[in-house]
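Please treat every number below as a calculation from the coordinates, not as lab data. Keep in mind that what you see is a predicted model, and the values were worked out from it rather than measured. Cβ sites come from the backbone with ideal geometry, for glycine too, and all protein chains shown count toward neighbours.
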């Protein structure tokens, strides 16, 4: 469970630490990269790992 909590903390850290320089300099690519990260998080973490925990 500790590892699972760390995964959540890493996700929050990534979202809270958006590189504003990258947003300014190359916002399309950075936006695609960030959205890809979030979609993969939903697919791999929420829909699999979190769902397994809930279903026991």
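The table below gives the values:
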| read-out | value |
| --- | --- |
| Residue among 20, 16 that is on the phi < 0 side of the Ramachandran plot, exposed (fewer than 11 other Cβ atoms within 10 Å of the Cβ) and over 14 Å from the mean Cα position of the chain (by Cα) | 20 |
| Residue within the stretch 37-52 that is in contact with a helix residue (DSSP H, G or I) (Cβ under 6 Å, 6 or more places away or on another chain) and either free of Cβ contacts under 8 Å to residues at least 12 places away in the same chain or exposed (fewer than 10 other Cβ atoms within 10 Å of the Cβ) (or both) present | no |
